[in-house]
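These notes are about the structure you will find just below.
The values are calculated or read from the model by the stated rules, or taken from the named source; none is laboratory data. Note that the coordinates shown come from a computational prediction; the quantities given were computed from them, not determined experimentally. Glycine gets a Cβ as well: all are built from the backbone with ideal geometry, and neighbour counts include every protein chain shown. Note: areas computed on protein heavy atoms with side chains; ligands, DNA, RNA excluded. Shrake-Rupley method; radii C 1.70, N 1.55, O 1.52, S 1.80 Å.
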Amino acid sequence: MSDNDHNLVIGRIDLLAKGVRRLTLTHPDGAELPAWTPGSHIDLHFSFGGMDFTRQYSLCGHTDDSRHWQVAVLHVPDGRGGSAYIHDNLCEGGTLRVAGPRNNFPLAPASNYLFVAGGIGITPMLPMIAEAEAKGADWRLIYCGRSADTMAFLDDVSGFGADRVVIQPSDTHGRVDLADLIAHADPATHIYCCGPESMLDAIEGGCADWPSTQVHMERFSKREDDLHQSSNPFEVEFARSGIAATVPADRSILEIAEEAGIDVESSCQEGVCGSCETAVLAGTPDHRDEVLTDDERAACKTMMICVSRACSGRLVLDV
Ligand code: FES
């Protein structure tokens with residue numbers, strides 16, 4: 001277990017909305033947990049059916065509560081099984097292996113924020129709103145969902161008032177016009193969006209002319225289009241061990257590193273969590289992750305080796 005791993009106790013489980021459970025995690029000795037910032041997530045590790053699983057969840061509690069971490073988990077019946085396991089098998093008093101926290105979705109300093117949340121995408125917005133409030137920033141939240149009974153934390157956010165928060169259950173209020181919202185936003189606004197793919201795509205389209213540094217997205221999983229990108233083989237050298245290998249078209253750098261006995265941290269294996277970020281010493285990465293910003297991609301200093309590949313024929317990595 002690394003310093004980043006913790007065995008935590010599930011102190012409490014609350015049903016927040018239809019299909020949404022909140023887990024409150026504590027240290028077994030009641031000790032303080034590592035500090036975190038708004039936008040951070042943790043990895044929950046568990047095993048079932050003879051297989052190991054890791055799932056990422058945004059921390060949604062209070063950053064100044066150093067003895068509890070809270071995550072809210074949506075039950076996805078046709079998902080990959082992780083949320084069903086969490087809903088059906090975890091009990092108060094049980095333990096969980098947890099890694100993190102890690103922040104790939106940090107809140108940039110700004111005077112003006114537009115938070116757009118879809119469904120369980122509300123979770124990272126809660127600590128962001130708390131920070132925006134604490135700093136006296138101007139902010140608005142657009143919170144969309146299928147129906148009010150599926151939308152967690154409604155009481156928490158509606159308490160800020162209708163001039164700050166728009167609650168938009170689509171069954172009674174229809175869909176929000178995101179393009180119109182963006183068109184009327186103050187140009188200095190930083191937009192934060194977390195929700196389903198269609199919502200992220202709409203925000204991305206509406207913000208095509210905005211500086212990329214002001215548009216911040218968190219994806220639950222890799223984009224559908226990215227799953228079908230073609231790949232070529234290339235050479236990789238792991239500088240610390242001097243091991244060199246070919247990465248075939250159908251395998252990842254991470255797989256090749258693990259096969260060579262090189263210890264690399266990883267979690268989601270989809271390019272969304274940031275845990276396998278690796279420094280690039282030579283060569284040009286073909287970035288295929290959802291973590292790095294445009295500027296970070298252009299700098300070519302690091303890459304997510306679970307999904308990203310090489311534009312050049314050879315990469316040298318600092319592992
Ligand atoms: S393992 Fe999550 S980004 Fe690579």
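Annotations
- Distant-in-sequence amide H partners of Thr302 (H built 1.01 Å from N, under 5 Å): Val280
- Per residue, the convex hull spanned by the alpha carbons of the chain comes to 146 Å³.
- At 0.890 mPa s and 25 °C, Stokes D of region 80-140 from Kirkwood alpha-carbon radius, µm² per second: 170 µm²/s
- Put a plus charge on the Cβ of each Lys and Arg, a minus charge on the Cβ of each Asp and Glu, and nothing anywhere else: the dipole of the chain about its Cα centre is then about 280 debye.
- The gain in end-to-end length when the Asp155 to His62 segment is fully stretched comes to 31.9 nm, 0.36 nm per residue minus the alpha carbon separation.
- Antiparallel DSSP beta bridges within the chain, percent to nearest 5: 65 percent
- Per-residue HN-Hα couplings for region 23-30 [Karplus 6.51, -1.76, 1.60; θ = phi - 60°; Hz; x = Gly/Pro]: 9, 10, 10, 9, 6, x, 9, x
- Size of electric dipole in region 112-218: Cβ of Lys, Arg +1 and of Asp, Glu -1, about Cα centre, debye, nearest 20: 80 debye
- Helix axis angle, 197-206 relative to the chain longest principal axis, alpha carbon, degrees: 80 degrees
- Region 112-218 shape via C-alpha gyration tensor axes, a/c threshold 1.5: oblate
- What the phi angles of region 130-140 give under the Karplus curve with 6.51, -1.76 and 1.60, with θ = phi - 60°, is a coupling list of 4, 6, 4, 4, 4, 8, x, 6, 7, 8, 9 Hz, glycine and proline written as x.
- For the chain, the per residue solvent-accessible surface stands at 48 Å², with DNA, RNA and ligands left out and a 1.4 Å probe.
- Cut-off under 5 Å, modelled amide H: who pairs with Ile243 long-range: Phe238
- In the chain, taking the dipole from charged Cβ atoms about the Cα centre, the farthest positive-side position among Gly39, Pro285, Leu15 is held by Leu15.
- Ranking Ala148, Trp69, Ala132 by Cα position along the charge dipole of the chain, where only Lys, Arg, Asp and Glu carry charges on their C-beta atoms, puts Ala148 farthest toward the positive end.
- Fraction of beta bridges assigned by DSSP in region 227-317 that are antiparallel (%, nearest 5): 75 percent
- Around the Cα centre of region 5-101, unit charges on the Cβ atoms of Lys, Arg, Asp and Glu (plus for the first two, minus for the last two) sum to a dipole of about 260 debye.
- Along the axis of the charge dipole computed for the chain (Cβ charges of +1 for Lys and Arg, -1 for Asp and Glu, origin at the Cα centre), the listed residues Phe220, Ala310, Pro28 are led at the positive end by Pro28.
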